[in-house]
């Protein structure tokens, strides 16, 4: 039996454990699915161990695979850290920065952060993936993305994080909505019984609304929209109020197109965080960008 460890097979194995299928794992490591299956099958045969249980219902780790997983995951993380160290030594890590961003951050904060960073390091290129916060958590935990910026209060286990800014939420209506002239404060009970335009499950904005109404029976119909832009279109049309980041509606509030309706309860600011896998060595470029985001947010008051 060979003691050699096939690095690609190791990566495929960990990706299957994290993503739940050979197909997703193959995409993650940049291989065709048949090749990924062949690499892992050869590895199992070479070491005379069955790491996966394959069936018509899918693929899952065997008992032996479960035993191997913690060390395999640590080995893949160590390899990624070696690659980051080499990038920093050679300088190549400063040329392309791949990051994720939740929608509110991507639309209203990321452009300012990118401009501030590139004013100092114009040679850096960026690859920004936009998704909601829960999707980004899954992607970073699976190792498909090294660094992401999210707008969620609870950070999952397995992730390191750093606060880079904050925002606050407002309840807004169109200028011709009956609540636009309202003088009394809206209560949680009233909010729970009122139809609202809301973001999709998994978004940081939806999470904040669910926290606000925790313990209350939601009776009002919720109209879901998958982006801040879509939420604003619905709200501007007068369909229903929405609970949204002030960042997302600042220009509409200033123009008088939307009106902020006062809530009875005080709302805590929501934190923006940079997140990455626990134990991952961040590249110098990634650390610099996190610092830039934090400085930019402080200077703008967000």
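The values are calculated or read from the model by the stated rules, or taken from the named source; none is laboratory data. All values derive from a computational prediction rather than experimental measurement. Cβ atoms come from the backbone with ideal geometry, glycine included; neighbour counts cover every protein chain shown.
Just a few scattered comments:
- Lone qualifier among 109, 68 - being buried (at least 16 other Cβ atoms within 10 Å of the Cβ), within 18 Å of residue 11 (Cβ to Cβ) and touching a helix residue (DSSP H, G or I) at 6+ places or on another chain (Cβ under 9 Å): 68
- Restricted to region 147-172, and to residues there that are within 11 Å of the chain's Cα centre (by Cα), modelled with pLDDT of 90 or more and buried (at least 21 other Cβ atoms within 10 Å of the Cβ), the residue that is farthest from residue 212 (Cα to Cα) is 147.
- A search for C-beta distances below 7 Å between a residue of region 4-18 that is assigned by TED's automatic domain parsing to the domain that holds residue 64 and any residue that is outside any helix (DSSP H, G or I) and modelled with pLDDT under 85, counting only pairs 6+ apart in sequence or on different chains, returns 16/59; 18/142; 18/143.
- Answer residue from region 25-39, given it is closer than 20 Å to residue 136 by Cα and touching a helix residue (DSSP H, G or I) at 6+ places or on another chain (Cβ under 7 Å) and is surrounded by the fewest Cβ atoms within 10 Å (Cβ to Cβ) among those: 29
- Checking each residue in region 263-287 for being out of contact with any strand residue (DSSP E or B) (no Cβ under 9 Å at 6 or more places or on another chain) and modelled with pLDDT of 90 or more picks out only 287.
- Some residue of region 290-298 being without any contact (Cβ under 8 Å) to a residue 40 or more places away in the chain, part of a helix (DSSP H, G or I) and under 30 Å from residue 82 (Cβ atoms): yes
- Qualifying positions in region 251-274 - free of Cβ contacts under 8 Å to residues at least 12 places away in the same chain and either in a helix (DSSP H, G or I) or within 19 Å of residue 130 (Cα to Cα) (or both): 251, 254
- Those strands (runs of 3 or more DSSP E) lying entirely in region 87-204 with at least 3 residues under 23 Å from residue 249 (Cβ atoms) and in contact with a strand residue (DSSP E or B) (Cβ under 7 Å, 6 or more places away or on another chain): 159-167, 169-174, 196-199
- Filtered by the rule that a residue be more than 23 Å from the chain's Cα centre (by Cα) and not in a helix (DSSP H, G or I), region 224-240 gives 237, 238, 239, 240.
- Condition check for residue 53: without any contact (Cβ under 8 Å) to a residue 24 or more places away in the chain and more than 30 Å from the chain's Cα centre (by Cα): yes
- Region 196-206, subset at pLDDT below 95 and out of contact with any helix residue (DSSP H, G or I) (no Cβ under 7 Å at 6 or more places or on another chain), residue nearest to residue 137 (Cα to Cα): 201
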